[in-house]
Structures are given as C-alpha cells and as structure tokens.
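Bear in mind these aren't lab numbers, they're just calculated from the coordinates by the rules spelled out. Here the structure is a predicted model, which is why all the values come from computation and not from measurement. Reconstructed Cβ throughout: ideal geometry from the backbone, glycine too, with neighbour counts over all protein chains shown.
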2 protein chains.
Amino acid sequence: MQLNTPSSDRLDATFMALAHPTRRAILARLASGPASVKELTAPFDMSQPAISKHLKILERAGLISHGRSSQRHPRALEAKPLAEANAWLEEYRRFWEGAFQRLDALLEEMKALEPGSDRGPLPPTLS
Amino acid sequence: MQLNTPSSDRLDATFMALAHPTRRAILARLASGPASVKELTAPFDMSQPAISKHLKILERAGLISHGRSSQRHPRALEAKPLAEANAWLEEYRRFWEGAFQRLDALLEEMKALEPGSDRGPLPPTLS
C-alpha cells in the first residue's frame, strides 16, 4: 500500500504530539493493546484531567482513536501518522548512516594504533 | 556503531524542533550542503531574525551546528538526533505494517468481488 505524502499540518501535529514524555509513554502503553482513560492514568503521578489533555493532543494528531465519545471507551493506537513521520525521517537516513560509517572507520583506526594491539603497526625499535 | 538511547529531554527537543514547516524546510535545504544564515533566509518570505529564531531551536535540539558563533559561519545538518527520533518510531513499525497489510488484504477482497472481475466468485445461477 502506498503512503500518501502527509500535509505539512499533519506532520506538525504528529511531531508536536510526540514532543512530550507523557504522550510517548501513553503511546507505548497503547502499543500493548487498547486501554481506558482510567487505565492510562494509573501509571502516572498525574490527575485524570491532566492525562485527558494529553489524550486530546494525541487524538487531534490522529495518533489515537476511540470508539465513541464516552470516557469509558478504550483508546487505541493509530499507526498511520507514525508511519508518515517515520517516512519523513527516512529521507535523512543517508546522513546518519554516513556519519556512523565515518565514526566506525575512525574507531577502527584508533584501535589499530592502540599499544598492545596485534593489528597495529609495530612501535619503532629503540636501539 | 551502537545508537545510545537518547534522554527523554533530547527526544522532546528533537520532535518539538521538527514540528514546524519552516524548520523542516531549513533541514531539507541543509541536506544539500552547509549554508549561511543569509542563504537559509533567501527562500522564505520571512525576516532574518525570524529565521534566526528557528535556527536557534534547531541548534538547541542539536539538529544543526556551525563552526563559530558568527552569523557568517555556515550551518550544517547534524543527523544524530534524526537517527534517534527514527529509532523511537521504528519501535512502532509492526503497527503500521500490520495495518497496511490488513488494508491490502481488504482491497484485494473487494477487487475480487467487483462485477466484471475475472477473479471473483461466479454469481449464483438463476434457474
């Protein structure tokens, strides 16, 4: 299935929603299955209204859904905006892979030059 | 090379920095090479101070760097925070891949049931 290019507003909303540890923790909890607002509130030292605010931000970004408007209906994870944010980041993969390859090469060179390394050049003989 | 688990604050800063179209456009520009503040300002209908504010947010998140503090030193893309944000999203890959597979299966089923489809079941004979 093709992933349509998301609108800029959608990406704004997704990245903004992900920019908070409580909201990321809520998504991590929902990754193991749907949960009610009460269940989602339990692990946090936070009031239910405070959690509900975070849930609203996640809902507006389309990252979670619920059956009906009632508090008791469980929230579920919606993966599409995560896939779109991931696709945006994937465009930059060559940069971090390139950077890591250069670092790896540097570390290998440093190891080869370490004293006691059997791969490095021999130290100059003092005679 | 191992990617260390970023602190929650770092992920907050990265996702927050990515939650704006101008900042994403600046990163896209820097993907083709380092650029000065003047060069980064040119494509936007925005003042240099407005662009500088966005650059500061990107810098604080570690997404761009520059040689020295002068305005004239070019900014460069730093890929590590993007790699970390990508790694966080990758944890959810099974959700969107699962969702797309289910949708694909549904679309295939619908196609098979279309009138005129040579792959669908034969209509019941009226005799």
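Observations on the model:
- Each label point was placed 7 Å from the Cα along the Cα-to-Cβ direction; for B:ASP45 and A:GLU97 their separation is 3.8 nm.
- Annotation: amide H of A:ARG75 within the under-5 Å range of A:ALA35, A:SER36, A:VAL37, sequence separation 5 or more or interchain, hydrogens built in the peptide plane.
- Cα-based convex hull volume of region A:47-98 per residue, rounded to whole Å³: 95
- Take each residue in A:56-63, count the other chain C-beta atoms within 10 Å of its C-beta, and the mean is 0.
- Fewest-first sequence of B:ASP9, A:ASP45 by Cβ atoms within 10 Å of each Cβ: A:ASP45, B:ASP9
- Under the simplified labelling scheme, the B:GLU90-B:ALA76 pair shows an inter-label distance of 2.4 nm, with each label point 7 Å from Cα along Cα→Cβ.
- Nearby lysines by direct alpha-carbon distance to B:LYS56 (threshold 19 angstrom, same-chain neighbours under 8 apart not counted): B:LYS38, B:LYS80
- Note that region B:14-29 has calculated 3J(HN,Hα) couplings of 5, 4, 4, 5, 7, 7, 8, x, 5, 5, 5, 5, 5, 5, 4, 5 Hz, one per residue in order, obtained from phi through the Karplus relation 6.51 cos²θ - 1.76 cosθ + 1.60 (θ = phi - 60°); glycine and proline are x.
- The phi-based Karplus calculation (6.51 cos²θ - 1.76 cosθ + 1.60; θ = phi - 60°) puts the 3J(HN,Hα) values of region B:83-91 at 5, 5, 5, 4, 5, 4, 5, 4, 4 Hz, whole numbers, x for Gly and Pro.
- Efficiency of FRET between A:ASP104 and A:LYS38 - r from beta-carbon atoms, R0 41 angstrom, step 0.05: 0.30
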